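The values are calculated or read from the model by the stated rules, or taken from the named source; none is laboratory data. Since the model is a prediction, treat every value here as computed from it, not as a measurement. Counting neighbours? That spans all protein chains shown, and the Cβs are built from the backbone with ideal geometry, glycine included.
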Amino acid sequence: MSQQSVVDELVRLSMSGYEAKAYVALVAAGSPLNGYEVAKRSGVPRSTVYETLGKLVGRGAAYEVRAGEASVGYLPLPPAALLDRMRREFDRSIDVLSSELPQVASPPDVRLVHSLADRTSLLERAEDVVAAARGELFVSAWPDELTPLKPLARRAETEGVDVSVVVFGDDPEPVGSTTMHRFSRPEVVLDNIGCRLLVVAADREQAVIGGVVNGDAWGVYTDDPAVVLVAVEYVRHDIAMHVIADKFGAEGFAEFWNSEPALRRLRADHGIPAALLARGSVSSPPPRRPRRSP
């Protein structure tokens, strides 16, 4: 990680840009620096460097040391100690907000639905949903999208959340109660749907539904109860289908699944789910179902 990256992260954790630059310069020096030296090494203007150093001293991130009768130098609080202090302060703030913020919140007049236009925003919002789970979590995903969600899902499981996962493909390190989707095979599902579908729902209160194909992704986040219910039941239905298949024999069920006309009819909409997700808010005509021969 570069010094600029460290500065950027310190800014995210409440330091000003000048404070972060000055602190990093002190850490990199390894010995006391005076204000002139800090300004020279950090890029903080000389006109504001002593004010900046004073703020670092005030927050306990740096200390003044006497380098002579008329000279003052500065040493940083060691990085490990600074990070521990920031962590404690952050945790205290979260505890206060967890208690007080709901007290000032008004019930929403409308349900939230917002679009997710790329894979990064889709996964970040999915992580938010996983992290919010307190009682139960339902996930349907492909390995590429499931992997970044696993650390939070494992933490949720250790905190007592009932985690149910359907994964399309091999998963050598499953989390929670995992069902590997076998009807149909992942490549057949991908051909039918046209994308790698991702569904994440927490506590039946919020959900992310999206699709990924190649480098593109689309989706929505919502707390609308009707949409969340559909997302949960989608995952539960897949799990139930596999439980039934295991109960009555995989071979017989596979033959039924592949040959039953009613099921073949339902799988005839190749690519339409992905096309619907990709449309987003674009006012284009809906995709047409393929004609079936009489």
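A few notes on this one:
- In this entry, TYR50 passes the filter for residues that are without any contact (Cβ under 8 Å) to a residue 60 or more places away in the chain, among the aromatic types (Phe, Trp, Tyr), under 17 Å from LEU75 (Cβ atoms) and surrounded by 14 or more Cβ atoms within 10 Å (Cβ to Cβ).
- The test for being under 27 Å from LEU112 (Cα atoms), out of contact with any His (no Cβ under 7 Å at 6 or more places or on another chain) and assigned to a helix (DSSP H, G or I) holds for ALA126.
- Sole exception among (1) assigned to a helix (DSSP H, G or I); (2) touching a Lys or Arg at 6+ places or on another chain (Cβ under 8 Å) for VAL227, by number: (2)
- Which listed residue is surrounded by 10 or more Cβ atoms within 10 Å (Cβ to Cβ) and either more than 30 Å from ASP216 (Cα to Cα) or not small (Gly, Ala, Ser) (or both), from SER93, SER106, SER99, SER115: SER93
- Hey, VAL166 closer than 21 Å to ALA240 by Cα, in the same structural domain as ALA217 (by TED's automatic domain parsing) and aliphatic (A, V, I, L, M) or not: yes
- Condition met for VAL235 (part of a helix (DSSP H, G or I) and free of Cβ contacts under 8 Å to residues at least 12 places away in the same chain): no
- Listed conditions (1) of a type in the set (Ser, Thr, Tyr); (2) farther than 30 Å from VAL208 by Cβ; (3) without any contact (Cβ under 8 Å) to a residue 12 or more places away in the chain are all met by TYR74, apart from (3).
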